[in-house]
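Notes for the one structure printed next.
The values are calculated or read from the model by the stated rules, or taken from the named source; none is laboratory data. None of these values were measured; they are calculated from a predicted model. All Cβ positions, glycine included, derive from the backbone under ideal geometry; neighbour counts span all protein chains shown. Heavy atoms of the whole protein, side chains included, go into the accessibility calculation; ligands, DNA and RNA do not. Shrake-Rupley method; radii C 1.70, N 1.55, O 1.52, S 1.80 Å.
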Amino acid sequence: MATTTDSMTNPLEGHRAKSEEQRVASTERVVNQPQPGSLRELLTIAIPMVISAGSQSLMHIIDRIYLTWHHVDEVAAALPAGIIFWAVLSIFHGMGSYVNTFVAQYEGAVRPDRVAATMWQGFYFALISGGLLMLLAPFSGMFFAMVGHDVDIQRHESTYLSILLLGGVPTVLATILGTFFTGRGKTTVVMFVNVVSVAFNAVLDYAFIFGWGPIPEMGIAGGALTDVIANVTTCLALGGLLFWPSIASRYQFWKHHGFDRELTLRMIYYGFPVGLLLLIDVSGWAFFMNAIGWLGKAEQVATNLAFNLNTLAFIPVIGLGIAVSTLVGMRITEGRPDLAARTTWLAVGLSVGYILFCSVIYLFLPQLLLAPYEWKAHGEDFAEVKVVVIQLLWFVAAYSFFDTLAIVFGSAIRGAGDTRFSMIFTLICVLALLIAPTVILFGWYKPTLSMCWAYCSVYIMVMGLGFMFRFLGGKWKSMRVVEPDLVGGAGHASIHTPPVTVLEVEPVSSV
């Protein structure tokens, strides 16, 4: 009889144990974490991501400065080749980065087992997608021969792209490993890893491009190789942290390493539109950037440098967008979309203030921004480029505000699960406002550089307004990516607050 009684009460004890775990986790969060929806909460997660993204932006700038010093043809080749790489990588990178939303929502539901399973599915995805990227490396030269840039620039483009493609596995894996920390709000970890990696990369970059001691001078090939080494370093650091005792004991990765078909299909369902969105966006820019190369070498170099300086503005805002996506994902799972909306508006205010500051520098201090590029550049070649870059920075100042709206509001709705709209809206804008004007102008007319920058600015402005209006429409408030029974999560709710009503969830495919 005792055995029968035990078998009947054990499920109840298991339920009580699980409830106690959730209560303890909730109490710890209430005591140790900032008030949900507060500016402090946003800054706690956002500042490390802004620093992390800013360090990446600085690394790109340093890389372009080194290449400008080494040879102007190499800096002309770096952005077209780099953006083609991102166009190929983007669908995998977008799907990998969306693991952040799954981690955030499972963390919000206090399901460490599902977080662990999510990371394993991401690991398998990185191996497969990285392997596919490696297979494309031999075709780099053939592609740029078809594009038709200057022969010397083609050679540099092919070298740069092929090396980046061969490093596809660590590139995708670094993104996925980072989501384990950013999705749980532990953005300081990613910040430290990225800053150290960037500092290491900056030293290696100079040595590999110009040669130092036993390291031969490799030029643009050295720049690409150091990017791959930096990604490998990031993977080793983030992957090693998963074995930290407090992390390993809570998430027990070794117990959840199996292939989870249902979870993988759900990750593909929600993540694929994000990957396709990124593919569409980056492909449109790749098409635009390679078309600029047909106008001439000076125009191509000037455009590359102007966009490189543009990263000073939008890369840190992307870090803020990651924080918004994480917090929105958590609040949606908790059933508190009002707090998600508040967080988003706080982020808009911060990012707009930063962008206005950057725009003032673009307009009134362009000489200061260009001084590092000019320092060791070949005088006559750079003098012509410098005049054009200063003109292009006026376009950058004009569209940066709208770029901010696209990043922050887009991150918010995707953090909730509104990925289909993002994909379809981006596709329409890229085709109508970026690719179509490029085809028409270059096919039937001889456009000026200012004309090209004018219609790409319109594209960015429309994207910003579109995502803002979608956010204001509010459909994202009733979406989620995790299992329905986990929405409304007591996991993060305060033990002193009343129960949270679970919302009805609309199909994410609705637009």
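Summary of computed values
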item: Cross-link pairs beyond the 30 Å C-alpha cut-off, checked among 255/477; 186/477; 186/386; result: 255/477; 186/386
item: Theoretical ellipticity at 222 nm over the chain - DSSP helices of four or more residues, -39500 (n - 2.57) apiece, nearest 500; result: -27500 deg cm²/dmol
item: Relative contact order computed over the range 187-331 (Cα-Cα under 8 Å; 6+ residues apart), in percent; result: 12
item: Correct choice for Cα extents along the principal axes in Å that was computed from the model, options (1) 65, 58, 40; (2) 80, 56, 45; (3) 93, 52, 37; result: (3)
item: Charge sum, other residues only, whose C-beta stays under 14 Å from residue 230's C-beta, Lys/Arg counted +1 and Asp/Glu -1; result: -3
item: Scaled radius of gyration (Cα, divided by 2.2 N^0.38 Å) that the range 307-377 gives; result: 1.52
item: Vicinal HN-Hα couplings computed from phi for the range 353-361 (Karplus, 6.51 cos²θ - 1.76 cosθ + 1.60; Hz; Gly/Pro x); result: x, 5, 5, 4, 4, 4, 5, 4, 5
item: Residue 322 - accessible surface, heavy atoms, 1.4 Å probe, Å² rounded to 10; result: 60
item: Percent accessible area from carbon and sulfur atoms, the range 295-412, protein chains only, probe 1.4 Å; result: 71
item: Furthest towards positive pole of dipole, 218, 325, 335, structure part the chain, Cβ charges; result: 335
item: Accessible surface ranking that places the most exposed of 254, 453, 375 first, with a 1.4 angstrom probe; result: 375, 254, 453
item: Other-chain or far-sequence residues with amide H under 5 Å of residue 167's (modelled H); result: none
item: Local net charge near residue 277, Cβ-Cβ under 15 Å (Lys/Arg +1, Asp/Glu -1); result: +1
item: Inter-label distance, nm, simple model (7 Å from Cα along the C-beta direction), residue 188/residue 152; result: 5.0
item: Whole-Hz couplings from phi, Karplus 6.51/-1.76/1.60, listed for the range 267-273; x for Gly and Pro; result: 5, 5, 4, 8, x, 4, x
item: Mean Cα-pair separation over length for the range 335-465, i.e. relative contact order, pairs under 8 Å, 6 or more apart, %; result: 33
item: Phi-based couplings in Hz for the range 314-330 (Karplus 6.51, -1.76, 1.60; Gly and Pro marked x); result: 8, 5, x, 5, 4, x, 5, x, 4, 4, 4, 4, 5, 5, 4, x, 5
item: Taking the chain and dividing mean pair separation by its residue count, relative contact order in percent (alpha carbons under 8 Å, at least six apart); result: 24
item: Added length on full extension, which subtracts the Cα-Cα distance from 0.36 nm per residue, residue 210 to residue 475; result: 90.1 nm
item: Sum of side-chain charges, residue 89 neighbourhood, beta-carbon under 15 Å (Lys, Arg +1; Asp, Glu -1); result: -2
item: Degrees separating the helix 151-166 axis from the principal Cα axis of the chain, which is the longest one; result: 20
item: Kirkwood hydrodynamic radius over Cα pairs of the range 393-452, then Stokes diffusion coefficient at 10 °C and 1.306 mPa s, in µm²/s; result: 117
